[in-house]
């Protein structure tokens with residue numbers, strides 16, 4: 001639900017949407033994912049932590065194993081832990097957390113005493129108010145990261161700094177700086193300002209280069225991204241885009257160099273490892289490519305492209321990579337059970353390892369996903385014949401399909417319908433059978449069922465004009481002339497001379513006039 005102000009989510013709506021946590025609710029389950037990874041960091045470096053400011057760099061290497069849990073499968077790049085206790089504990093260890101908790105306790109005790117000694121009720125309320133903002137920020141950051149955003153963080157520490165001004169008992173000291181110290185401070189300040197200015201120029205050039213890159217204007221993109229790299233060498237996003245640009249203009253050595261520069265800035269992006277591996281494959285540096293494809297898959301074990309790419313690399317030398325290739329594709333079909341190519345490749349590898357019955361099962365699963373998958377059909381037929389399999393699914397499919405065609409010709413629609421469902425029990429995704437079934441429903445005047453199947457088929461094959469035409473005719477019989485006309489006009493845009501479509505459009509026009 002949206003607020004009437006600015007279209008943002010209304011507080012009541014945000015509260016009500018928590019009920020989505022029964023299923024997959026990203027605001028909660030992504031936090032659980034981040035907290036689990038943070039706790040793993042704590043356990044690994046219990047006393048000293050992983051290092052202050054390094055949560056974002058280490059996080060990607062911890063989340064992979066949790067992504068196979070359905071509710072935690074929405075991977076994320078976590079800049080922070082979304083819980084200040086885990087944030088501090090994971091990076092500075094138990095020692096750092098102890099110091100942090102001591103600071104909080106000291107603050108609360110000091111705030112309490114400060115409020116107590118105030119004689120002026122107004123000042124007392126101000127002290128209580130300032131203390132409350134700090135408490136609210138700490139509570140909020142058990143679930144959020146506002147303390148790490150510039151403006152909220154400024155107000156948080158500003159309020160902490162203002163509190164001591166209400167302490168009439170504190171002693172004030174004036175520190176006099178020597179001329180040397182002042183000069184040194186000025187020099188350091190100037191260097192900091194120069195560095196910040198260079199970073200600013202780097203950001204300007206990066207965004208210009210990024211814009212040109214997305215427009216496929218690669219030469220100006222290269223110019224601005226190269227400038228950005230000169231201003232801020234260790235900026236991961238700029239180096240990544242610069243490497244991508246070099247890869248696109250086929251300057252592979254430069255692309256590899258800047259991919260490594262990007263990894264030097266942040267090695268936790270699976271996309272960088274993947275693109276680097278792809279370029280290394282083009283350079284025939286297969287061992288290095290294998291390393292980075294593997295790293296990409298470790299960081300993101302839900303990447304279909306990474307499974308396919310690493311699998312293709314393994315298949316270039318099956319004898320050397322047989323065992324890891326089998327393990328890879330066994331994992332791939334678990335993560336992507338509807339990917340026919342993975343089953344076909346796994347079947348091939350099983351044959352190479354002498355596991356022919358397992359290979360037959362893989363080919364069968366590939367055919368269940370797509371009965372017209374020619375590679376799997378051929379492999380299944382050859383292997384089924386070799387193993388002496390009777391009533392193999394291809395033969396059964398072909399026999400049933402011939403019977404369906406015969407039944408339809410003889411107008412035995414009930415028999416044809418039953419045979420369609422027999423095929424769909426084995427091949428639930430077979431488009432040909434579903435098309436026949438929709439036509440049978442149309443012939444039996446079960447238009448709602450026919451339209452539903454036609455629409456499902458169009459979602460899969462939007463350019464299938466036969467399906468679209470039959471859907472249009474079914475919609476006309478339902479007197480849904482508006483949608484029927486849209487589908488017929490689409491066909492006419494592809495086939496301007498289609499007389500049958502023109503006739504149907506004329507009929508619709510007559511019905512409208514009538």
- All conditions in (1) within 27 Å of residue 409 (Cα to Cα); (2) over 43 Å from the mean Cα position of the chain (by Cα); (3) not in a helix (DSSP H, G or I) are true of residue 497 except (1)
- Note on the structure: Checking 194, 204, 249, 175 in turn, the sole residue that is modelled with pLDDT of 95 or more and exposed (fewer than 11 other Cβ atoms within 10 Å of the Cβ) turns out to be 194
- Item | Counted residues, segment 426-457 - those being at pLDDT 95 or above and either over 16 Å from residue 470 (Cβ atoms) or not in a helix (DSSP H, G or I) (or both) | 3
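The rows are residues; the columns are (1) touching a helix residue (DSSP H, G or I) at 6+ places or on another chain (Cβ under 6 Å); (2) free of Cβ contacts under 8 Å to residues at least 24 places away in the same chain; (3) within 18 Å of residue 196 (Cα to Cα).
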residue	(1), (2), (3)
215	no, yes, no
222	yes, no, no
233	no, no, yes
237	no, no, yes
243	yes, no, no
249	yes, no, no
252	yes, no, no
257	no, yes, no
- Query: Yes or no: residue 366 under 26 Å from residue 70 (Cα atoms), touching a residue at least 24 places away in the same chain (Cβ under 8 Å) and touching a helix residue (DSSP H, G or I) at 6+ places or on another chain (Cβ under 8 Å)?
  - Reply: yes
- Message: Looking only at segment 252-273, count every residue that is in a loop (DSSP other than H, G, I, E, B) and crowded, with 19+ Cβ neighbours inside 10 Å and tell me the total.
- Response: 2
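The values are calculated or read from the model by the stated rules, or taken from the named source; none is laboratory data. Nothing here was measured: the structure is a model prediction, and the numbers come from that model. Virtual Cβ from ideal backbone geometry, glycine too; neighbours counted across all protein chains shown.
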